[in-house]
Structure formats: structure tokens, C-alpha cells
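Peer 1: Just dropping this structure here.
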Amino acid sequence: MKRGLVLEGGALRGLFSAGVMDVLMEHGVRFDGVVGVSAGACFGCNYKSHQAGRVLRYNLRYAHDPRYCSVWSLLTTGGIFGPHFAYYALPQRLDPFDISAFDSDPMEFHLVATDVQTGEAVYRRFDRFRPDMYEWILASSSMPLVSRVVTIGDQQLLDGGIADSIPLRYFQDQGFERNLVVLTQPANYHKTPLRHPRLVRRLLSRYPRFVDAWLRRHEMYNAELRYIAEQQAAGRCLILCPDSTLPVGRISHNRRHMRQAYQLGRDLATAQLPRILAYLGQ
């Protein structure tokens, strides 16, 4: 029976998921695969590389560094999270990603991006590290309007959450029968339609199918929420989510709020650890 970890995005709300993952890593909880969307991909790869604590560490360290996340970065690099700094300099030199550990673990690592030409989800699997993995994580995490389109081969890509925010169904199709789903919004959350649709269409007029997907995202997201609730009721997944709206938003420079979101994830995973282990058969 294949066991999977499914990670929603949410930019810095993903610190909640990092708290959950660190507790699970510290207790030796094993999965056969992890799939992450946006921040879920950025942070989820650390499960396969066994780097508990890394996500919180570098987010706190660079919280006020304009190269990491700032309007200055947006104006000078085209990305509010500096593409070169956050996705290359940081994992390669400043807080190194452990490629050897990543390659040694048999866990599958999957991520989701959105093709801006088709508006459809694109999935990539990495069993071992390849240099283009950083590019795919960047693509999965590139929020529209505040990030440049990422070109990989003949594909142009942005935020995976536009096309598939909670890829449980995808992972089930890959043969994962028991899945732990970590959300970054509370259980009563309901996504509302995008504001200013005419402005979005004007600004992204080159990508009409992507815009269509973005404007329908609330429908897709709420349908996925219903699906995972049904799957949990049937015993086919287990959902972990915060009890209330997290103290940190998608973008934040407040270290105290970051620690709070991370600690909420740790506290929930610790409290639910017996239930998680029982569900996964460990």
C-alpha cells in the first residue's frame, strides 16, 4: 500500500505545513511519495532530503532581506520572491539543499505547475535530483502578476495552484491509497471569486486560457475541498488543517507571525500523531 503526503500551497502559510512535516520527520514517519503545490513544493522537497527545521530557518533568516521577498525584488527581477536568490543562491550556497540525502531516499517527489498556454495542470516527478528541479519548483511557486512566466523547454508555466490546488485525486491516480493531506486554510474556508476580473484579463491578455482557469479557480478549489472531505469520510485520506486563519499571510516579514504559524503546525501534528500513525499503519 503506497502512502502519500499531499501539500497545499499558500506561500508563507506553508510554514504551518513545515511545522507538521518537521514533527513527522522527527518521529520517523515515512511516506512513499510527496506531492506539493507552490509553497508545498518548495517546502515539501525537504521531507525527501530529511532536512527538518530548514524551512523555518531560512525564512526567518531572510525575512527582511530585499533579495528574498520584496517590492524591490519584484521591480528588479520580475518576481516578488527573488527568482535567482530564493531558488538558486539559497539552496545552492546560503542554506544548502541536501542533494545526496534527497537522492538516497526512495520517496517519490511530485510537484504541480500550470501551463499558461492551456490553463491546465502539469505534473513532474523527481526520484533523484536534476538541475531543472529548481526551475520546476520556481514555476510551481510563481504567483501570477507578481512573478514572471517560467519557461522550461517548450512550456511556459506559473503557479500550480491555479489548475490543481489540492492534488489528492492526482496522487490517487498514481497509486497512492492512503494519503495525509495538509491544508493551510481552516476547515470552514470557502474560496470566493477573484476580484477585478477585467483587470486580470487586461494584464494577462496574452494567456486567455490561463486567465479563464484563474477566474474559475474558486470553483475548482471548492470542489477539491468537497472531494477531500468525501475521501476522508470514506477512509481514503486524512486531513490536517489549522483550526482558524493562520497569523501569517501569503507574504509576510513578521518573524513572530512566522514562528506562530510554524508552531501551530507542530502542535497539531504532535496532538494528532497517534491518529496519523494509526492511519498510515505505522
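Peer 1: Enumerate the pairs (first residue in the range 1-22 and crowded, with 24+ Cβ neighbours inside 10 Å; second residue anywhere and in a strand (DSSP E or B) and of a type in the set (Phe, Trp, Tyr)) with beta-carbon separation below 7 Å, excluding pairs fewer than 6 apart on the same chain, so at least 6 apart or on different chains.
Peer 2: Going by the 7 Å Cβ cut-off, the qualifying pairs are Gly4/Phe176.
Peer 1: Can you tell me which residue within the range 232-251, out of those that are open to solvent by less than 20 Å² (accessible area, probe 1.4 Å) and out of contact with any His (no Cβ under 7 Å at 6 or more places or on another chain), is nearest to Leu12 (Cα to Cα)?
Peer 2: The initial filter retains those residues of the range 232-251 that are open to solvent by less than 20 Å² (accessible area, probe 1.4 Å), namely 237-238, 240, 242, 246, 248.
If we keep only those that are out of contact with any His (no Cβ under 7 Å at 6 or more places or on another chain) too, we end up with 237-238, 240, 242, 246.
On the way: Cys237: 24, Leu238: 23, Leu240: 17, Pro242: 14, Leu246: 10 Å.
Step by step, filter the range 232-251, then rank; the result is Leu246.
Peer 1: Related question: Among the residues of the range 183-204, is there at least one that is closer than 30 Å to Arg266 by Cα, of a type in the set (A, V, I, L, M, F, W, C), touching a strand residue (DSSP E or B) at 6+ places or on another chain (Cβ under 6 Å) and open to solvent by less than 60 Å² (accessible area, probe 1.4 Å)?
Peer 2: Our first condition is that a residue be closer than 30 Å to Arg266 by Cα; within the range 183-204, this holds for 183-192.
With of a type in the set (A, V, I, L, M, F, W, C) added as a condition, the list becomes 183, 187.
Going one step further and asking which of them are touching a strand residue (DSSP E or B) at 6+ places or on another chain (Cβ under 6 Å), we end up with none.
There is no residue in the range 183-204 that is closer than 30 Å to Arg266 by Cα, of a type in the set (A, V, I, L, M, F, W, C), touching a strand residue (DSSP E or B) at 6+ places or on another chain (Cβ under 6 Å) and open to solvent by less than 60 Å² (accessible area, probe 1.4 Å).
Peer 1: Residues being within 21 Å of Tyr58 (Cα to Cα) and either open to solvent by 70 Å² or more (accessible area, probe 1.4 Å) or among the charged types (D, E, K, R) (or both): count how many of those fall in the range 261-282.
Peer 2: Within the range 261-282, the subset within 21 Å of Tyr58 (Cα to Cα) is 261-267.
Subsequent filtering for residues that are either open to solvent by 70 Å² or more (accessible area, probe 1.4 Å) or among the charged types (D, E, K, R) (or both) retains 263-264, 266-267.
Qualifying residue count, the range 261-282: 4.
Peer 1: If you don't mind, there's one more thing I want to ask. What are the pairs, 6+ residues apart or on separate chains, where a residue within the range 121-134 that is among the hydroxyl-bearing types (Ser, Thr, Tyr) has its Cβ under 9 Å from a residue that is open to solvent by 70 Å² or more (accessible area, probe 1.4 Å)?
Peer 2: Matching pairs, first to second residue: Tyr123/Gln174; Tyr134/Gln92.
Peer 1: For the structure I just gave you, tell me whether Gly44 is crowded, with 23+ Cβ neighbours inside 10 Å and outside any helix (DSSP H, G or I).
Peer 2: Details: crowded, with 23+ Cβ neighbours inside 10 Å: yes; outside any helix (DSSP H, G or I): no.
No; evaluated as a whole, the condition is false for this residue.
Peer 1: Hey, can you tell me all the residues within the range 205-222 that are closer than 25 Å to Phe43 by Cα and either hydroxyl-bearing (Ser, Thr, Tyr) or surrounded by fewer than 12 Cβ atoms within 10 Å (Cβ to Cβ) (or both)?
Peer 2: Tyr221
Peer 1: For the range 262-282, give me each residue that is small (Gly, Ala, Ser) and part of a helix (DSSP H, G or I).
Peer 2: Residues of the range 262-282 that are small (Gly, Ala, Ser), as a first pass: 265, 269, 271, 278, 281.
Scanning the range 262-282 gives Gly265, Ala269, Ala271, Ala278.
Peer 1: Just to verify a result, which residue in the range 94-136, among those that are open to solvent by less than 60 Å² (accessible area, probe 1.4 Å) and among the aromatic types (Phe, Trp, Tyr), is nearest to Trp214 (Cα to Cα)?
Peer 2: Here the answer is Trp136.
The values are calculated or read from the model by the stated rules, or taken from the named source; none is laboratory data. Since this is a predicted model, take the numbers as computed values, not measurements. Every residue, glycine among them, receives a Cβ derived from its backbone with ideal geometry; neighbour counts consider all protein chains shown. Side chains are part of the model used for accessible areas, which takes the heavy atoms of the whole protein and leaves out ligands, DNA and RNA. Shrake-Rupley method; radii C 1.70, N 1.55, O 1.52, S 1.80 Å.
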